[in-house]
Amino acid sequence: MPLMKQALPGIRMRSSNCQKSGPDRISALPDELLLHVMYFLTLQEAVQTSLLSRRWKNLWASLMWLNFDAAKFSSIRTYRKFVNNALQYRSSLPMLVPLDAFWISTVCDNSDDSLDYSDIQPWIHHALNSKAWALGILKHSGPKPLSMESYPFPFTSVYLKILGLSHCFIDDWFVQNLSSCCPVLDDLDLMSCAIHVTMFSSTTLKSLAITITQTDKDFPIEFQYLVIDMPNLVSLSLEEIPRRIIHLMDVSSVKTASIFLFSLSFGHSQVQCSILSALSNATSLTLVSPSVYEDVVPKVLGRDLPRCATFSKLKRQHLGEWFLSGGCYPLIYLLRRSPNIEKLILQLDTQQRLAVESLEKSGSTATCRGIKKEPRSSYSPCQPILALSLALKSNPFQFRMGSGFGDWVV
């Protein structure tokens, strides 16, 4: 049986010898236009066109963006078979067909099975051999993260610029090889990965994003520093990395920084870190932690404040509830060192929400109208507003409700 028919079980298409109702004008269109149309199809639908006629037989294989999504299949077994056969078919063509982007998502709603790295490794090899400049394992589920241990480092490429990985084990070995084997990589997105790395250094990365892993068993056992040294980084996003103490070294090119801390960000309140003090060139800064009453985060960040230079380029600031500690000292300190601030978002914990109807400032005094404090809130509802009136000495400003209940936007 032909390879593509093996990859498409259950497909029933009319023979090309069937009587036609009119001329086939679509097949007469140039390849470039037909391929453009195929981009709007699922990959399974695109492959099915190979059964229409000889004109269509190899056309789908010229697609330069491939997205294999297991959610479109009835089981992981049929998904694996489809991907293997599709890539085998591409490899059998007389000339190499280059790729721009290669994406795989291995989560199937109708199956409890999962793929391990031995299944995925040949697919990555095919994509990189086809000179893909963007590659991603966008979704993966399984009993444990994908581990590349005992395999050659897979992402060796002089073309790869964008890499996204989901539910993978990331350690120092991975990061060191990534830096040396991907000389033009400038965008890295680690989604729900097990982060065990301690030193992250790169001279090429311009964007780094690390999002939270939800599985406790994937957390590192001990608290260790995560040192990030990336002088050309422009965008940095770190979301609740468990038992990794963030220490930013040279990130002097960062313009947009978003960092979310939580109870497992620091082992104790005496930890030394470098976060705020390393981001003085940022134009947009988000630094959020769940609650001021978890006093570890405010104490650690508070010791970093005196090392901060003037945030002369900062236009947008988004702060979590840690800014309330010490009588709003962090808020006052940061605002006085942000002379060009245009937008301030103060995010309050859901346990301490305030219903804000109208807040106004005139001159150097702040008036608070229509503020209602919810029960069990233990600080004054006007405390942040009074802090603002002390910190901002000129230009009237207005407050409004943020997109989340309890957020204030200046």
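The values are calculated or read from the model by the stated rules, or taken from the named source; none is laboratory data. Keep in mind the model is a prediction, meaning the values are calculated, not measured. A quick note on method: Cβ atoms are made from the backbone with ideal geometry, for glycine too, and the neighbour counts reach across all protein chains shown. For the accessible areas, the whole protein counts, side chains as well, though only heavy atoms, and no ligand, DNA or RNA atoms are used. Shrake-Rupley method; radii C 1.70, N 1.55, O 1.52, S 1.80 Å.
Miscellaneous remarks
- Global geometry of segment 125-166, whether rounded, prolate or oblate, following the gyration tensor of its Cα atoms and the 1.5 cut on a/c: oblate
- Protection proxy ranking of 272-280, 109-117, 216-224, by the mean of other Cβ atoms within 10 Å over each peptide's residues and highest first, is 272-280, 109-117, 216-224.
- Probe 1.4 Å, accessible area per residue of segment 147-265, Å²: 41 Å²
- The calculated FRET efficiency for the pair Gln176 and Met64, based on their C-beta separation and a Förster distance of 30 Å, comes to about 0.45.
- Other residues within the sphere of radius under 12 Å centred on the Cβ of Glu222, judged by their own Cβ, net out at +2 (K and R +1, D and E -1).
- Modelled FRET efficiency - R0 41 Å, Glu32 with Ala209, Cβ distances, 0.05 increments: 0.75
- Between Asn340 and Gln88, residue separation times 0.36 nm minus the direct Cα-Cα distance comes to 85.0 nm.
- Applying Stokes-Einstein at 37 °C and 0.692 mPa s to the Kirkwood radius of segment 67-137, computed over alpha-carbon pairs, gives a translational diffusion coefficient of 261 µm² s⁻¹.
- Computed FRET value (nearest 0.05) for Val158 with Asp295, which takes r as the C-beta separation and R₀ as 35 Å: 0.10
- Taking a straight line from the alpha carbon of Lys144, these aspartates and glutamates sit under 16 Å away, with near neighbours fewer than eight places off in the same chain left out: Asp112, Asp113, Asp116, Asp119, Asp171, Asp216, Asp218.
- By the rule of a C-alpha distance below 17 Å, with chain neighbours fewer than 8 residues away ignored, the aspartates and glutamates paired with Lys299 are Glu321.
- Available extension along the chain between Gln44 and Val97 is 17.2 nm, counting 0.36 nm per residue and deducting the alpha carbon span.
- Of Lys72/Lys217; Lys139/Lys313; Lys81/Lys131, those spanning more than 27 Å from alpha-carbon to alpha-carbon: Lys72/Lys217; Lys139/Lys313
- Counted by Cβ distance under 13 Å from Ala278, the other residues give a net charge of -2, where Lys and Arg count +1 and Asp and Glu count -1.
- Within segment 151-171, backbone nitrogen closer than 18 Å to the virtual label 7 Å beyond the Cα of Met199 toward Cβ: 170-171
- Relative contact order (%) - segment 150-292, alpha-carbon pairs under 8 angstrom, separation at least six: 17 percent
- Rounded, prolate or oblate (a/c below 1.5 giving rounded, otherwise prolate when a/b exceeds b/c) for segment 144-277 by Cα gyration tensor: oblate
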